[in-house]
Amino acid sequence: MEKIVLLVIFGLQLIQAQDTIFVKSPDTFRRNYVEIGFNYPQGNLSNKFVHGIEVGYWLRNRLAKNHYLDYGLELNFLEKPRTISYRYADSLIQFESARVGLKLGLRYSKVWYQGSNPDEFSLESNSGLGWAALYYRVASQYPDQFQHDLDKKTNLHTLFFSQTVKLNWNRFGFYVTGSLQPYTLFYKKHEAHFGGTLISWGMVSRF
């Protein structure tokens, strides 16, 4: 009997959770954000690849009225990346790009609703913080043993800081983001002045 009561309570909680996603009232909001866009490296980072295609998923949680915390991830697929140099002993070794980057992080979001219906036009600000990575591998011309020795040194990891502005209407939106990813923060044997500034824009789907 107790198990049945618990199942009923759990079912009611699920229904209530669904209501917070789909019922249109001032106290509800879209929890899931899928973002697809293009990013363009700035400054020294523009020497590492031409541009990237980014795909992100963010899950939203309410902190207070019109204030939210998002957490999620973003994949970045690099277009026409070039090799980078790594100082190993007295030599400069070439690393080839794996053509992919990754971000994991949090975003503080503030939304300015322009009506009583949260699906109507709204303005949004996202301030992000998290971890970012670019993936490389030792260039193919080096011996296998040499590649094995450097295998764990090829990837670049750092912190990222971002600021986004969004325009939302119904289930869709448009965003522009500026991001700082200082890849030389933790790495001194890679190229100096590696760069880490990105400008990106794209579309948002909310559900």
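Taking amide H positions as placed 1.01 Å from N in the peptide plane, with prolines and chain starts having none, which residues 5 or more places from Arg31, or on another chain, fall under 5 Å of its amide H?
HN-HN under 5 Å from Arg31: Phe207.
For segment 66-146, which GluC sites (Glu not before Pro) pass both filters: DSSP loop (anything but H, G, I, E, B) and at most 14 other C-beta atoms within 10 Å?
The qualifying sites are Glu120.
With each pseudo-label sitting 7 Å past Cα toward Cβ, what's the Phe174-Ala139 distance in nm, one decimal?
For Phe174 paired with Ala139, the spin-label model returns 4.2 nm.
Can you work out the Karplus-derived ³J(HN,Hα) for every residue in segment 55-70? Use 6.51 cos²θ - 1.76 cosθ + 1.60 with θ = phi - 60°, whole Hz, and x for glycine or proline.
So the Karplus estimates, Gly and Pro as x, are 10, x, 10, 10, 10, 9, 10, 7, 9, 7, 4, 6, 10, 9, 10, 9 Hz.
What list of ³J(HN,Hα) couplings, whole Hz, do you get for segment 113-122 from phi and the Karplus terms 6.51, -1.76, 1.60, once you set θ to phi - 60° and write x for glycine and proline?
Here the 3J(HN,Hα) series is 6, 9, x, 6, 8, x, 8, 6, 4, 8 Hz.
Apply the Karplus parameterisation 6.51 cos²θ - 1.76 cosθ + 1.60, with θ equal to phi minus 60°, to every residue of segment 93-110 and state each ³J(HN,Hα) to the nearest whole Hz, in sequence, with x for glycine and proline.
Taking θ as phi minus 60°, the curve returns 9, 8, 10, 9, 6, 7, 6, 8, x, 9, 10, 10, x, 10, 9, 8, 10, 10 Hz for segment 93-110.
Just add up the charged neighbours of Tyr135: K/R +1, D/E -1, any other residue whose Cβ is under 11 Å from the Cβ of Tyr135.
Once positives and negatives cancel, what remains is +1.
Can you tell me the accessible area per residue over segment 52-195, all protein chains present, probe 1.4 angstrom, in square angstrom?
Counting only protein heavy atoms, the per-residue value for segment 52-195 is 54 Å².
The values are calculated or read from the model by the stated rules, or taken from the named source; none is laboratory data. Here the structure is a predicted model, which means the values were calculated and not measured. FYI the Cβ positions are ideal-geometry reconstructions off the backbone, even for glycines, and counts take in every protein chain you see. Each accessible area value is taken on the protein alone, full model and side chains, heavy atoms only, with ligands, DNA and RNA left out. Shrake-Rupley method; radii C 1.70, N 1.55, O 1.52, S 1.80 Å.
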